[in-house]
Amino acid sequence: MAHLTPVLIQTPAHSRIATALTYQSEHPLAPGTLVRVPLGKRETLGVVWDADPAAAVPEMGKLRAITAALDELAPLSSEWRRLVGFAAAYYQRAVGEVALAALPPQLRDLSAIQLQRRLRKVAPAQAAGAAAAPRTGPALSPEQQGVMAQIRQGEGCFLLFGATGSGKTEVYLQCVQELLTERPDAQALVMVPEINLTPQLQDRFRQRFGPLYGEDAVVSLHSGMSNPQRLRSWLAAHLGTARIVLGTRMAVFASMPALALIVVDEEHDPSYKQQEGARYSARDLAVYRGRLHGAKVILGSATPSLESWHHSRPGAEGGRYQRLEMPSRIGEQARLPLVRRVDMNHQPRHAVIAPPLLEAIKQRIAVGEQSLVFLNRRGYAPVLQCTACDWKSACPHCSAFRVFHKIDRSLRCHHCGFAEPVPRACPECGNLDIAPVGRGTERLQEHLAELLADVRRPGSRSPETPDGIPVHVARIDADSTRHSGSLQEQLAQVHSGAVDVLVGTQMVAKGHDFRRITLVAAVNPDNALFSSDFRAPERLFSLLMQAAGRAGRDAAVSSQSEMWIQTFQPQHPLFDALKRHDFPAFAAGQLQDRENAALPPFAFQALLRAEARSQEVAQAFLSSASAAATEQLAAVPGFDRVTLYPAVPMVVQRVANVERAQMLVESPSRLALQNFLAGWHEILHALRQSEAGRGLLRWAVDVDPLAI
Ligand code: ADP
Ligand code: ZN
Ligand code: ZN
């Protein structure tokens, strides 16, 4: 007898196959079983899904048969299926798209036999080191002990609010260790925002747990891995061989049948939000997943997102997360850096580095310490401009300027990638004098090297270098680290002490454990104070705190570390709170503003975005979607609490010759917004069909968008 079997397959974005397809199979197959099924003329990977009791029962005769079941693999768990189902519904995507995207790409192409071979390669779990001496970490500080005790006793979700260098990672390690010791099958998921940070974390976890559970007990999952590596890690997690999975946002979907602890490090980081396809927040899904598995979830940060901070307020206002605090840095001497504001109104005009800051950098060099100069803009100059006419280095394909990169004398668009050699003369008027305007990291590096040209490193006089060795100003940003391995190499150079001054973007502000950096300077952080994006101050504060956290991490380096801020707004409350390292004060002010303006976390938002050849078409689609919603969705519960704003062009309105527009939908109720979006889905699909002929290229819904 044949069995009706619902199967999810990879569906193209926005295809109308929103749910499972039905196939027939000879044997009943458990939900979660991986199968190969025919689709048109091809064969494809599918996941047997839970039957939808509301779905119409199709006629058996017309159904195609499942080709093969990959039943060497245990079915994906019901928690995993519920996670995927929730993510698809919440972020408005087809469940097949989310499910298949959550599986390693190579799995799609393997036959049952190839899979068997791969499975054999995944080493069986090593006996939990009866012989190995239990490797414990350092003795915990009182603050760490307090936090551990609270996590032990509590349940659900914790917000670990701990200063940079307060030993949060050590807390994660010990929580994982306790769990794995107590429960011989349990698994832990540890997430970090950036691929760059996984090797460091992997080293720390391997060193701690390798001797106990074998090297294979710790695996990574991130987009920088090759497909075979990714499959291997995924299988190890699915089989339970891997006790610990370290990864970036994609790891939130790892199949971990015995998941019992989730850590989200730097939980405030925007990288946790996927920016294409299903635009999920891995942090938010981690919290949801924790509930499904009954697993504890630890969100850690020195500058939590205002959402998480709000949820962890004591009492009726918050109360969803338990807040844990570790205000002090590890080590007697490792105090938080002293924050100094330089009032640029009182500095020489056009000074890039204020004289007192330059002096301070020289003093650090003189005692053999390093400085980090932070500027969140790469390239040499953001614009080239003709001094005679109005010509500027606009990108012909985008509504943006191309950035001047001096290193290869190119003009590069950071939006579409279009690059050309710098013209010899102004393309408009032939004037030879075209000049860079503004400053990126490349130019800052050059400028600092000039300013420090006469300075020599101490103790470096030798017969070959009787005058001493010149100062080395290095730079680390997305341009300097394009080749794989180059970031690690450049970081090693900094660690070795060969670098005196490091210029960098946010790439170096995050996470890295620099031991000899004692001065951090932000040369131009003011822009974010005037941004139209209501999250800009939050991001700036956390970036500056993170950057400051790079200074003075080594208790053995005894001098007081400093964070310098060059600003025209020295009295700004943001810098004031930063000076006091007072995140709670900053957050309280921001949350008050947000509440007054009815912004998240006091409201819930979604964006409908549209792309077309012309701005009119893009906006027309959004306006029709709005009109149709008002007509057809008035009866949806909570509709009166949903506000639809007018369609507007996006900030960078044209990218690669595509016009982009967006429309904001907002509600004080998450449920009302979700009900609305669920009803809107069908309307948007239908509308899309009728608009496609008019030049609409793409549309997407972004739920809980991070940038508006
Ligand atoms: P965070 O994750 O909060 O930035 P880490 O866990 O990386 O902090 O700790 C900062 C430094 O202090 C690391 O070098 C770590 O090895 C060390 N450390 C952490 N906890 C302790 C402890 N209890 N005793 C000694 N050193 C510690
Ligand atoms: Zn000109
Ligand atoms: Zn461009």
Q) Dipole magnitude of the chain about its Cα centre, charges +1 at Lys/Arg Cβ and -1 at Asp/Glu Cβ only, in debye to the nearest 20? A) 920 debye
Q: Give me the number: length gained by fully extending Arg694 to Arg335, i.e. 0.36 nm times residue separation minus the C-alpha to C-alpha distance, one decimal in nm.
A: 123.1 nm
Q: Quick one: what are the phi-derived ³J(HN,Hα) couplings along segment 69-85, Karplus 6.51/-1.76/1.60 with θ = phi - 60°, whole Hz, x for glycine and proline?
A: 9, 7, 8, 5, 9, 4, x, 5, 5, 5, 5, 4, 5, 5, 4, 5, x
Q: May I ask you to compute the full-extension gain from Asn227 to Glu489, defined as 0.36 nm times their residue separation minus their alpha-carbon distance, rounded to one decimal in nm?
A: 91.9 nm
Q: Work the Kirkwood hydrodynamic radius out for segment 363-463: mean of 1/r over every pair of different alpha-carbon atoms, inverted, in Å.
A: 15.6 Å
**Q.** Estimated distance in nm for a label pair at Thr643 and Ala686, the labels positioned 7 Å out from Cα along Cα-to-Cβ
**A.** 2.8 nm
Q) If you take the charge dipole of segment 574-668 about its Cα centre, with +1 on Lys and Arg Cβ and -1 on Asp and Glu Cβ, which of Met663, Ala625, Pro584 is farthest toward its positive end? A) Pro584
**Q.** Computed E for Thr465/Ala598 - FRET, C-beta separation, R0 60 angstrom, nearest 0.05
**A.** 0.40
(Q) Taking R0 as 60 Å, what FRET efficiency do you get between Arg670 and Asp433 from their Cβ-Cβ distance, rounded to the nearest 0.05? (A) 0.60
Q: When a/c is below 1.5 the answer is rounded, else prolate if a/b is larger than b/c, else oblate, so apply that to segment 284-437 with a ≥ b ≥ c taken from the square roots of the Cα gyration tensor eigenvalues.
A: oblate
Q) Which Cα, out of Val84, Val422, Ala242, lies furthest along the positive dipole direction of the chain (beta carbon charges, K/R +1, D/E -1)? A) Ala242
(Q) On a full-extension model of 0.36 nm per residue, what is the gain between Arg82 and Ala65, subtracting their alpha-carbon distance, rounded to one decimal in nm? (A) 3.6 nm
Q.
Along the Cα→Cβ direction, 7 angstrom out, place labels at Asn657 and Ala585. What is the inter-label distance in nm?
A. 5.4 nm
Q. What's the percent breakdown of Cα-Cα distances in segment 529-600 across 5 Å bins, shortest bin first?
A. 3, 14, 23, 24, 16, 10, 6, 3, 1, 0
Q. Percent antiparallel among DSSP beta bridges with both residues in the chain, to the nearest 5?
A. 50 percent
Q: Evaluate the distance, in nm, between pseudo-label points positioned 7 Å from the Cα of Gln275 and of Asp109 along their respective Cα→Cβ axes.
A: 2.8 nm
Q: Once you've got the Cα coordinates, tell me which of Lys273/Lys579; Lys296/Lys510; Lys362/Lys579; Lys273/Lys510 are over 19 Å apart.
A: Lys273/Lys579; Lys296/Lys510; Lys362/Lys579
Q. What angle, in degrees between 0 and 90 and rounded to the nearest 10, separates the Cα long axis of helix 615-632 from the longest principal axis of the Cα atoms of the chain?
A. 50 degrees
**Q.** Part-to-part distance (alpha-carbon centres) for segment 351-416 and segment 664-704, which is given in Å
**A.** 40 Å
Q | segment 166-193 and segment 247-319: distance between their alpha carbon centers, rounded to Å | A | 15 Å
Q) Which FRET efficiency, nearest 0.05, do Phe534 and Glu26 yield, Cβ-Cβ r, R0 45 Å? A) 0.20
Q. For the chain, what is the calculated [θ] at 222 nm in deg cm²/dmol (nearest 500), taking -39500 (n - 2.57) for each run of four or more DSSP H residues and dividing by its residue count?
A. -9500 deg cm²/dmol
**Q.** Under Karplus coefficients 6.51, -1.76 and 1.60, residue-wise ³J(HN,Hα) of segment 88-94 in Hz, glycine/proline x
**A.** 5, 5, 5, 9, 6, 10, 5
Q.
From the convex hull of the Cα coordinates of the chain, what is the mean projected area in square nanometres?
A. 36.5 nm²
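We did not get these values from a lab; they are worked out from the coordinates using the rules stated. In this text, all values refer to a predicted model and were calculated from it rather than measured experimentally. Quick reminder, even Gly has a Cβ in these numbers, built from the backbone with ideal geometry, and neighbours come from all protein chains shown.
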